[in-house]
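S.K.: The structure that follows is given in the form of structure tokens.
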Amino acid sequence: MTMLEVSNINCFYGNVQVLWDVSLKVEQAEIVALLGANGAGKTTLLNTITGLMRPKSGHVRFMGESLDNIPSHAILERGIAYLPEGGRLFPEMTIRENLEMGAYPMSLWKHRKENMERVFELFPKLKERQKQLACTLSGGEKQMLAMARGLMSNPKCCLFDELSYGLAPIVVTEVFNIVKSLREQGITVLLVEQNVHQTMEIADRAYVLENGRIVLDGQCCDLVNDDYIKKAYLGL
Ligand SMILES: Nc1ncnc2c1ncn2[C@@H]1O[C@H](COP(=O)(O)OP(=O)(O)OP(=O)(O)O)[C@@H](O)[C@H]1O
Ligand SMILES: [Mg+2]
């Protein structure tokens, strides 16, 4: 069964159309990248999948069931975690409190203790610093906390928006290694990224969004040799 299926999405802000007939599929335990220049519509698509925005037409299905008209918190409960651009932490809350917020719907709240233990295994530094305020963390630590908070819902599928933005190269590698480890645990990942070089190394497949339309898709091993991708996205 296809894990996540987006079919023929058309999205508008007011009268302005920003997504045109967008379709994509993500299979279980795949890492799929969504590439595209600034303003292409990547964040809009993630917002649409997670119910923060409603498309004018088109459908989203998750594990065979429709997500149309399902509220965002219920989409989280079904197993889709969303890490928005910039992480959106609660700056005046501690690491522990931020993590708890990742498990706020009732059905997830019951499992927050075991999920926190699991998350601390992946991010031991956060365990040591549980009481530290989020606003006092470094940029890299904030991104780790944002990822950890996303995993507090024990998701089947993670949507990451610009995970590597503003991070030092060594932290980017660390963050991408965590994404790879999610795939090993059977978690499905849809990754929006500007860091095309490293994304192509870890992702299985990629879609390219330009001006709200999917213009290209394929296996990453093929796309890295594609002349258009090389020129437009890899700077070769
Ligand atoms: N709230 C909004 N109201 C009106 N237009 C918007 C709104 N949010 C986004 N847009 C427009 O929709 C288009 C797609 O924006 P979106 O944020 O989805 O792009 P993106 O691919 O995520 O870009 P970036 O790489 O810069 O994050 C852009 O032209 C943007 O100006
Ligand atoms: Mg964006």
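S.K.: Being on the phi < 0 side of the Ramachandran plot and not in a strand (DSSP E or B) is the filter here, so list the residues in the stretch 2-23 that pass it.
M.R.: Thr2, Met3, Asn15
S.K.: Here is a list of conditions, (1) without any contact (Cβ under 8 Å) to a residue 40 or more places away in the chain; (2) more than 30 Å from Ile229 (Cβ to Cβ), and Glu77 meets all of them except one; can you say which number that is?
M.R.: Glu77 satisfies every listed condition except (1).
S.K.: Of the residues Leu99, Leu46, which single one is closer than 22 Å to Lys180 by Cα, within 16 Å of ligand 2 (Cβ to nearest atom) and either at pLDDT 95 or above or in the same structural domain as Lys127 (by TED's automatic domain parsing) (or both)?
M.R.: Leu46
S.K.: If you don't mind, there's one more thing I want to ask. Regarding the stretch 123-138, can at least one residue be identified that is within 16 Å of ligand 1 (Cβ to nearest atom) and not in a helix (DSSP H, G or I)?
M.R.: No, the conditions are met nowhere in the stretch 123-138.
S.K.: Identify the single condition in (1) within 16 Å of ligand 1 (Cβ to nearest atom); (2) in contact with a strand residue (DSSP E or B) (Cβ under 7 Å, 6 or more places away or on another chain); (3) of a type outside the set (Gly, Ala, Ser) that Gln194 does not satisfy, given that it satisfies every other one.
M.R.: Single failed check for Gln194: (2).
S.K.: From Leu67, Leu52, grab the single residue that is more than 30 Å from Glu141 (Cβ to Cβ), free of Cβ contacts under 8 Å to residues at least 40 places away in the same chain and of a type in the set (A, V, I, L, M).
M.R.: The conditions single out Leu67.
S.K.: Under the condition of being more than 16 Å from ligand 1 (Cβ to nearest atom) and part of a loop (DSSP other than H, G, I, E, B), which residue from the stretch 140-166 is farthest from Met63 (Cα to Cα)?
M.R.: Result: Met152.
S.K.: Residues being surrounded by fewer than 16 Cβ atoms within 10 Å (Cβ to Cβ), within 25 Å of Gln185 (Cβ to Cβ) and in contact with a Leu (Cβ under 9 Å, 6 or more places away or on another chain): count how many of those fall in the stretch 44-71.
M.R.: 0
S.K.: Go through (1) modelled with pLDDT under 95; (2) within 14 Å of ligand 1 (Cβ to nearest atom); (3) more than 16 Å from the chain's Cα centre (by Cα) for Gly36 and report which single condition fails.
M.R.: (3)
S.K.: Collect the residues in the stretch 72-118 that are under 17 Å from Gly139 (Cα atoms), touching a Phe, Trp or Tyr at 6+ places or on another chain (Cβ under 9 Å) and surrounded by fewer than 16 Cβ atoms within 10 Å (Cβ to Cβ), keeping them in residue-number order.
M.R.: Within the stretch 72-118, Glu85, Gly86 meet the criteria.
S.K.: I would also like to ask the following. When you look at Gln130, is it buried (at least 21 other Cβ atoms within 10 Å of the Cβ), outside the structural domain of Ile49 (by TED's automatic domain parsing) and either at pLDDT below 95 or within 24 Å of Leu4 (Cα to Cα) (or both), yes or no?
M.R.: no
S.K.: Another question, if that's okay. Identify the residue in the stretch 25-43 that is within 16 Å of ligand 2 (Cβ to nearest atom) and part of a strand (DSSP E or B) and, among all such residues, is surrounded by the most Cβ atoms within 10 Å (Cβ to Cβ).
M.R.: My answer is Leu34.
S.K.: List pairs: first residue in the stretch 204-225 and farther than 10 Å from Ala33 by Cβ, second residue more than 16 Å from ligand 1 (Cβ to nearest atom) and aromatic (Phe, Trp, Tyr) anywhere in the structure, Cβ distance under 8 angstrom, at least six positions apart or on different chains.
M.R.: Taking only residues 6 or more apart or on different chains, the pairs are Leu216/Tyr228.
S.K.: Would you say Tyr82 is hydroxyl-bearing (Ser, Thr, Tyr) and either touching a helix residue (DSSP H, G or I) at 6+ places or on another chain (Cβ under 7 Å) or assigned to a strand (DSSP E or B) (or both)?
M.R.: Judged against the criteria, Tyr82 is a match.
The values are calculated or read from the model by the stated rules, or taken from the named source; none is laboratory data. In this text, all values refer to a predicted model and were calculated from it rather than measured experimentally. Counting neighbours? That spans all protein chains shown, and the Cβs are built from the backbone with ideal geometry, glycine included.
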